[in-house]
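To start, the structure itself, in structure tokens.
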Amino acid sequence: MHFPNDSTSQIGRDGIYRILVCRPNHRLGNAILLTPLITELEHLYKGAEIDIVVEGNASTGIFSTFFSVNRIYCLPKRGFKHPLAFLAVLREIRKKEYDLIVDPCVGSGFSRVLTRILSGRRKIGFSDKPANSGLTHRVPLSAAPRHMAKRAISLLRWVTPLDARDSTEFPSLDIRLTDMERAHGKSVVGSLLASSRQAHANAVIGIFANATGAKCYPKAWWTELIATLKALNPRCSIIEIIPMHGRSMLDSQWPGYYSTSIRRMGAVMSAVDLMISADCGVMHLAVASKVATVGMFCVTDEAVYGPYGSGSSPLLTQGQSASETARSIVENFHELLGPQEGLFQITTQDASTWKTPDDVAHS
């Protein structure tokens, strides 16, 4: 078997109508990071129908407006603890013969096992092992960009011939909110601002103050960050996006929006001017809702998970106070948030922690 840099190993675009994407993971962020891959598949194989294998039900809402997506096979979370349900879904998938199966993961044994046992004429994925990879077309690990969403795009482009009309840019995250969903989100934000006497704000900032483990900033940190933002721009308004557990992370000091629906949450975030969040699934949801998003990184790698597109950027906060972080945000969104002369000065240290969209695009 040859690596796909041999032209005989390229897949081509003809005869591919049934595609399966294997991404058995239940995390919201990982599901949203698949949206650029689906966009790329639609571009390369315009008449194809796409199925997706995931864990849990989050992807059902994410891909509900994707015309090309037919079936989303939802394996139960921790499926080996629910063997009957797991095997029932697996049997259903195995009834179908695919023209192309895509394993976009690097290092996921579960994803590779599924790719191996499911029926497909062509199977692509990252592997440096010539034997027993379970793939018909292998792409070397060295060809995988660091960014999670961009890896799958590079995988496809390695085995699929591009012509002069094809873009070399990476598709952005996008859950494809409808005009009606955006209108509802705008209405909700307007009501929240009116009820909290913030209707005359010059900028609406959404805050999502939750994350898992060490990625979660303490409440006092968020309080200081918001206080600094308000001091630098007194006319900005704040709306908190409430986490799935249904409790405010900021003691309900600001108007909050709560929904168990991924799409309704995205619609409301699409109606604010700027979202600020730690690295988490909701950060990716905000970017995919087409709102400029500041993703704050203190422990995870922004080169792998950083937001890009829609004016979004990661911000490294190691060694920064909440006040310094707020100043960096205002400086980098000065057209929206200020700056207001005489209130502050941005230090060299502040500027050095910021990653611009161009920085992320070349990582």
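The values are calculated or read from the model by the stated rules, or taken from the named source; none is laboratory data. Only a predicted model underlies this, so the values are computations on that prediction, with no experimental measurement involved. Please note: Cβ atoms are built from the backbone with ideal geometry, for glycine as well, and neighbour counts cover all protein chains shown. Only protein heavy atoms, including side chains, enter the accessible area calculation; ligands, DNA and RNA are left aside. Shrake-Rupley method; radii C 1.70, N 1.55, O 1.52, S 1.80 Å.
Before moving on, here are some points about what is shown:
- Condition check for Tyr217: assigned to a loop (DSSP other than H, G, I, E, B) and surrounded by 22 or more Cβ atoms within 10 Å (Cβ to Cβ): no
- For segment 118-150, a residue qualifies if it is part of a helix (DSSP H, G or I) and open to solvent by 40 Å² or more (accessible area, probe 1.4 Å), and the qualifying residues are Leu141, Ser142, Met148.
- None of Arg138, Arg116 is more than 19 Å from Lys46 (Cα to Cα), modelled with pLDDT of 90 or more and under 26 Å from the mean Cα position of the chain (by Cα) except Arg138.
- Being open to solvent by less than 40 Å² (accessible area, probe 1.4 Å), more than 18 Å from Val291 (Cα to Cα), among the hydroxyl-bearing types (Ser, Thr, Tyr) and free of Cβ contacts under 8 Å to residues at least 12 places away in the same chain is not true of Ser191.
- Scope segment 41-60; condition modelled with pLDDT of 95 or more and open to solvent by 10 Å² or more (accessible area, probe 1.4 Å); matching residues: Glu42, Ala48, Glu49
Results for (1) surrounded by fewer than 18 Cβ atoms within 10 Å (Cβ to Cβ); (2) within 22 Å of Ser313 (Cα to Cα); (3) modelled with pLDDT of 95 or more, shown as yes or no for each residue.
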{"position": "Ala183", "(1), (2), (3)": "yes, no, yes"}
{"position": "Ala209", "(1), (2), (3)": "no, yes, yes"}
{"position": "Asn233", "(1), (2), (3)": "no, yes, no"}
{"position": "Ala267", "(1), (2), (3)": "no, yes, yes"}
{"position": "Val272", "(1), (2), (3)": "no, yes, yes"}
{"position": "Ser277", "(1), (2), (3)": "no, yes, yes"}
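- Within segment 262-280, residues that are β-branched (Val, Ile, Thr) have Cβ atoms under 8 Å from residues that are part of a loop (DSSP other than H, G, I, E, B) in these pairs: Ile262/Ile175; Val268/Ser259; Val272/Val291, counting only partners at least 6 apart in sequence or on another chain.
- As a summary of the residue check, Lys230 satisfies the conditions (1) basic (Lys, Arg); (2) in a loop (DSSP other than H, G, I, E, B); (3) touching a strand residue (DSSP E or B) at 6+ places or on another chain (Cβ under 7 Å) except for the one numbered (2).
- Segment 91-127, residues that are in contact (Cβ under 8 Å) with a residue 40 or more places away in the chain, farther than 19 Å from Asn25 by Cα and touching a strand residue (DSSP E or B) at 6+ places or on another chain (Cβ under 6 Å): Tyr98, Asp99, Leu100, Gly120, Arg122
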